[in-house]
Amino acid sequence: VKKFFANLTKKNGAGVVRNTKVVWYSVLSNIMQLALEDDMLDKGNIVAQWKLPKQNDPPSIIKPFTPKQVKQLLDNCEGSMHNYIGIGVWTGLRPEEEIALMVGDIDFKAELIHVRRAFSKHGNNDYTKNFKSMRTVPMLDGAVPFLKAQIQYAASKKSLYLFCREDGSKPKSNEDITGHIDLFENGKRTRPPGPWY
């Protein structure tokens, strides 16, 4: 197990970051646990008995949108998508946090946005990514028109959720606004290049 994780490399020979190793470690540990429960192992779950060591990964390079790109995005969409992009740009919320905003989370008087929950495709619950992610963020002036427009939309659907579904129900993930996007390259599905807001 130690050798396996120590020698993991990408096709180009570069090392694998620890976050990826953590996911693989979890999957491998779960497989070994199932094998243990089926009496296929005599030494226990050897993966769970070993801890993945820390490593110093280089910081990931984040390339934010330029003001020109933001304007281009906003000029080429409308409705909830327009507001979704505008709120995202002016608040810096994670997509799963933004989609989970409720009308009661927006305090125009105090100029604050309360981040209390997150909805994602793979973990649709009422909590943020972690406890520290529950926070209050300042409401910048640029976010106000997008928030007001989306609150008006929610009111028209009689919903407590800013980004409610067409019937006013709770959104499941940001795909309720953005749609499901798959990109293909050489006949294989690839991840979208970067965040979609």
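The values are calculated or read from the model by the stated rules, or taken from the named source; none is laboratory data. This structure is a prediction, so every number in the text was calculated from the model and none was measured. Ideal geometry is used to build each Cβ from the backbone, glycine not excepted, and the neighbour counts take in all protein chains shown. Just so you know, the surface numbers come from the protein's heavy atoms only, side chains and all, with ligands and any DNA or RNA stripped out. Shrake-Rupley method; radii C 1.70, N 1.55, O 1.52, S 1.80 Å.
The residue that is nearest to D176 (Cα to Cα), counting only those in the range 42-88 that are part of a loop (DSSP other than H, G, I, E, B) and of a type in the set (G, A, S), is S60. Taken over the range 70-101, residues that are open to solvent by less than 40 Å² (accessible area, probe 1.4 Å) and out of contact with any Lys or Arg (no Cβ under 8 Å at 6 or more places or on another chain) amount to 16.
If you go through the range 145-164 and pick out every residue that is in a loop (DSSP other than H, G, I, E, B) and under 10 Å from V103 (Cα atoms), you end up with 4. Taking the criterion of being touching a residue at least 24 places away in the same chain (Cβ under 8 Å) and assigned to a helix (DSSP H, G or I), the residues of the range 1-18 that qualify are K2, F5, R18. Cβ-Cβ distances below 7 Å connect the following pairs, each with a first residue in the range 33-51 that is at negative phi, a second residue that is loosely packed, with under 11 Cβ neighbours inside 10 Å and among the basic types (K, R), and a separation of six or more residues or different chains: W50/K2. Of the residues making up the range 165-173, at least one is within 25 Å of Q72 (Cα to Cα), part of a loop (DSSP other than H, G, I, E, B) and modelled with pLDDT under 95. Taken over the range 139-161, the residue count meeting the criterion of being touching a Leu at 6+ places or on another chain (Cβ under 7 Å) and open to solvent by 20 Å² or more (accessible area, probe 1.4 Å) is 1.
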